[in-house]
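Colleague: This is the structure I have questions about; it appears just below.
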Amino acid sequence: MDLGIKGKRALVCASSKGLGLGCAEALAGAGVDLVMNARGTDALEAEAARLRAEYGVTIQTLACDVTTPDGQEQVINAAQGVDILVSNAGGPPPGLWSDWDRDDFIKALDANMLTPITFMKALLPAMMEKGWGRVVNITSQSVRAPIPALGLSNAARTGLTGYVAGTSRQVAPHGVTINNLLPGIHATDRADSLDGGVAAQKGISMDEARAERAATIPARRYGTRQEFGAACAFLCSQHAGFIVGQNILLDGGATNLTM
Ligand code: NAP
């Protein structure tokens with residue numbers, strides 16, 4: 001399917017690996033020029049070079065931490081006038097409800113709620129002026145059904161979800177859509193690190209920890225970054241202009257909901 005976005009320009013935050021990289025690659029495959037970002041340079045430069053070679057798009061790279069004011073300023077300057085924003089950052093650490101103090105919450109809110117809000121506030125006005133724009137925020141299945149060990153994520157991402165619910169309806173009259181993609185378990189470094197914690201805690205191997213978790217998913221496997229990226233690119237396409245303020249689960253059926 002022609003997504004109809006060839007020649008557009010996108011900022012994809014936190015995109016040297018995992019789900020962000022899946023989104024960057026799918027957009028590059030649709031002919032979209034990119035600003036790619038991560039804190040580390042090695043994977044970022046390697047993946048940007050690969051995507052340039054494979055898809056012939058223009059890619060600017062920016063190595064900085066998107067959760068810091070300095071990083072946000074750099075990214076916003078580089079991304080002025082983009083047509084598409086994909087917000088993403090690392091997730092907060094797991095723990096128990098009683099572990100976290102105010103500083104832990106502020107850090108999680110900064111990274112997973114206020115950072116995407118900062119990018120939307122900075123980049124939405126130009127999209128609205130042009131009468132076309134797409135925003136996709138990578139959140140988590142934890143906003144539909146809490147993951148007990150990820151209380152910081154449950155809290156911060158639900159706050160972002162509430163903000164998007166109202167804001168998406170305010171910008172829709174200007175041809176701009178905002179939606180959230182809610183990943184369930186995908187085979188990325190983040191999943192490895194969570195599985196590593198379970199393996200250590202239970203005294204089992206990584207393969208056993210993965211197999212245990214896959215068995216809880218109706219699709220009986222983890223998602224791939226390519227599948228995730230394809231869904232993101234569709235939400236950014238010309239065909240998705242009537243999808244507004246939605247929270248779309250990509251979880252192989254893991255979240256047991258009727259609606
Ligand atoms: P990942 O495989 O660990 O990749 C994270 C990517 O983001 C890397 O490119 C990393 O590069 C970059 N990054 C992390 N923190 C950053 C920051 N502060 N500033 C700029 N770049 C940053 O993670 P993932 O699995 O793709 O997860 C992406 C998001 O989805 C996370 O918030 C995660 O919690 C959420 N999620 C993932 C799953 C899953 O199963 N994978 C499920 C639910 C939710 P550098 O380290 O070089 O910065």
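The values are calculated or read from the model by the stated rules, or taken from the named source; none is laboratory data. Not measured: the values here are computed from a predicted model. Because the Cβ atoms are built from the backbone with ideal geometry, glycine has one as well, and the counts that use them run over all protein chains shown. The accessibility values were calculated without ligands, DNA or RNA, using every heavy atom of the protein model including side chains. Shrake-Rupley method; radii C 1.70, N 1.55, O 1.52, S 1.80 Å.
Colleague: Looking at SER87, is it touching a residue at least 60 places away in the same chain (Cβ under 8 Å) and polar (S, T, N, Q)? Give the derivation first.
Modeller: Details: touching a residue at least 60 places away in the same chain (Cβ under 8 Å): yes; polar (S, T, N, Q): yes.
So SER87 passes the test.
Colleague: Does ALA89 count as aliphatic (A, V, I, L, M) and either outside any helix (DSSP H, G or I) or not assigned by TED's automatic domain parsing to the domain that holds ILE59 (or both)?
Modeller: Yes, satisfied.
Colleague: Kindly check whether there is at least one residue in segment 205-227 that is touching a Lys or Arg at 6+ places or on another chain (Cβ under 6 Å) and assigned by TED's automatic domain parsing to the domain that holds ALA26. Break it down into steps so the answer makes sense when it comes.
Modeller: Initial filter on segment 205-227 (touching a Lys or Arg at 6+ places or on another chain (Cβ under 6 Å)): 214.
Now restrict to residues that are assigned by TED's automatic domain parsing to the domain that holds ALA26: none.
Scanning segment 205-227, I find no residue that is touching a Lys or Arg at 6+ places or on another chain (Cβ under 6 Å) and assigned by TED's automatic domain parsing to the domain that holds ALA26, so the answer is no.
Colleague: Okay, next question. Residue by residue through segment 49-73, note down the ones that are more than 22 Å from LEU109 (Cα to Cα) and out of contact with any Leu (no Cβ under 8 Å at 6 or more places or on another chain).
Modeller: Across segment 49-73, the qualifying residues are ALA49, ARG50, ARG52, ALA53, GLU54, TYR55, GLY56, LEU62.
Colleague: Further, regarding this structure: Which of the residues spanning segment 20-32 are outside any helix (DSSP H, G or I) and crowded, with 19+ Cβ neighbours inside 10 Å? Break it down into steps so the answer makes sense when it comes.
Modeller: Looking only at segment 20-32, we keep the residues that are outside any helix (DSSP H, G or I), and these are 30-32.
Those that are outside any helix (DSSP H, G or I) and crowded, with 19+ Cβ neighbours inside 10 Å: ALA30, VAL32.
Colleague: Now, a different point. With respect to SER140, is the statement that it is closer than 29 Å to ASP195 by Cβ, touching a Ser or Thr at 6+ places or on another chain (Cβ under 9 Å) and modelled with pLDDT of 95 or more true?
Modeller: So SER140 fits the description; yes.
Colleague: Of everything in segment 83-105 that's under 14 Å from the mean Cα position of the chain (by Cα) and closer than 28 Å to GLN201 by Cα, which residue is most open to solvent (accessible area, probe 1.4 Å)?
Modeller: Within segment 83-105, the subset under 14 Å from the mean Cα position of the chain (by Cα) is 84-92.
Those still in the list that are closer than 28 Å to GLN201 by Cα too: 89-92.
Details: ALA89: 21, GLY90: 57, GLY91: 30, PRO92: 8 Å².
The qualifying residue most open to solvent (accessible area, probe 1.4 Å) is GLY90.
Colleague: In segment 53-64, how many residues are open to solvent by less than 50 Å² (accessible area, probe 1.4 Å) and within 15 Å of the ligand (Cβ to nearest atom)?
Modeller: 5
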